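The values are calculated or read from the model by the stated rules, or taken from the named source; none is laboratory data. If you're wondering where the values come from, they're calculated on a predicted model, not measured in any experiment. Neighbour counts are summed over all protein chains in view; Cβ atoms, including those assigned to glycine, are modelled from backbone coordinates with ideal geometry.
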Amino acid sequence: MTPDPAHDTAPPDTAPLRARWQATVTAAGAAPDTDPAPYAKRLLAAWAEPQRRYHTTAHLADVLARIDVLAPHARDLAAVELAAWFHDAVYRPDRSENEERSAVLAERALPELGIDADRTAAVARLVRLTVTHDPAPGDVDGEVLCDADLAVLAGEPDAYAAYVAAVRAEYGFVPDDAFREGRAAVLRQLLGLPRLFRTPYGAAHWEAPARRNLAAELATLTDVGDPG
């Protein structure tokens, strides 16, 4: 059975991720006399921080797997893959500037690896785009990254339920009523978008199941406390 790239997976062994990082930075033009391994170690340590329940190394691996599916749509695949590595590298669920801090981290680390200024800027731009997941028309690299990041919404019901539970766990410090209100607002905003997915593959394979999942979750949130 072919794995569905919209599914979350178990936390991955980091060896394949480290190997992928090495290949990606090489493809991105890293200087041959630099050692990417310490950067992979620090990034993977960040992705494994204890406050994370959804934004983990499993999420990183899933996004990279979805990028593989969407790769034919990308223009600068190396930049998209690097942006995936950095897009949640800084993550505190009680802070609002995670994407900006993650972009700044990329802007500092990539030149140290010898990656040129244009590609570094492209990576940082893509990381910042994950604040809105709203790429401009023609921004094919932004479309690939955003679709890959949102594809979890299209999982099978059990996988989607696990995603929802992990998000709730990350926001365990938020009282139930406040979380339901905030989460419902997010779901309504997503459902109100004309398109969740911008790539042809995402639109064809992920749009309909994602909308079903979002609508079902919203119904459970808004039904809480209603009279039977």
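Can you tell me which residue in the stretch 218-228 is surrounded by the most Cβ atoms within 10 Å (Cβ to Cβ), limited to those that are free of Cβ contacts under 8 Å to residues at least 40 places away in the same chain and part of a helix (DSSP H, G or I)?
218
Just to be sure I understand the filter: pairs with C-beta atoms under 6 Å, separated by 6 or more residues or on different chains, first member in the stretch 112-139 and touching a residue at least 60 places away in the same chain (Cβ under 8 Å), second member of a type in the set (Val, Ile, Thr) and surrounded by 19 or more Cβ atoms within 10 Å (Cβ to Cβ). Which pairs pass?
Short answer, once both residue conditions are applied: 113/25.
From the list 140, 164, which residue is within 29 Å of residue 49 (Cα to Cα), surrounded by 14 or more Cβ atoms within 10 Å (Cβ to Cβ) and not charged (D, E, K, R)?
Only one candidate passes the filter, namely 164.
Restricting to the stretch 158-217, what's the tally of residues that are of a type in the set (Val, Ile, Thr) and in a helix (DSSP H, G or I)?
Total satisfying the criteria: 3.
Looking only at residues in the stretch 9-40 that are modelled with pLDDT of 95 or more, touching a Ser or Thr at 6+ places or on another chain (Cβ under 9 Å) and assigned to a helix (DSSP H, G or I), which one is nearest to residue 102 (Cα to Cα)?
By that ranking, first place goes to 40.
Just a yes or no: is a residue in the stretch 52-65 in a loop (DSSP other than H, G, I, E, B), over 27 Å from residue 143 (Cβ atoms) and out of contact with any Lys or Arg (no Cβ under 7 Å at 6 or more places or on another chain)?
yes
Just a yes or no: is a residue in the stretch 116-125 hydroxyl-bearing (Ser, Thr, Tyr) and either modelled with pLDDT under 95 or not in a helix (DSSP H, G or I) (or both)?
no
Mind listing whichever residues of the stretch 79-106 are of a type in the set (A, V, I, L, M), crowded, with 20+ Cβ neighbours inside 10 Å and part of a helix (DSSP H, G or I)?
Once the filter is applied, which keeps residues that are of a type in the set (A, V, I, L, M), crowded, with 20+ Cβ neighbours inside 10 Å and part of a helix (DSSP H, G or I), the stretch 79-106 yields 79, 80, 82, 83, 84, 103, 106.
Does residue 195 meet the test of being exposed (fewer than 13 other Cβ atoms within 10 Å of the Cβ) and either over 13 Å from residue 150 (Cβ atoms) or at pLDDT 95 or above (or both)?
yes
Which of the following residues is under 15 Å from residue 112 (Cβ atoms), at pLDDT 95 or above and of a type in the set (Phe, Trp, Tyr): 85, 47?
That would be 85, the only listed residue that is under 15 Å from residue 112 (Cβ atoms), at pLDDT 95 or above and of a type in the set (Phe, Trp, Tyr).
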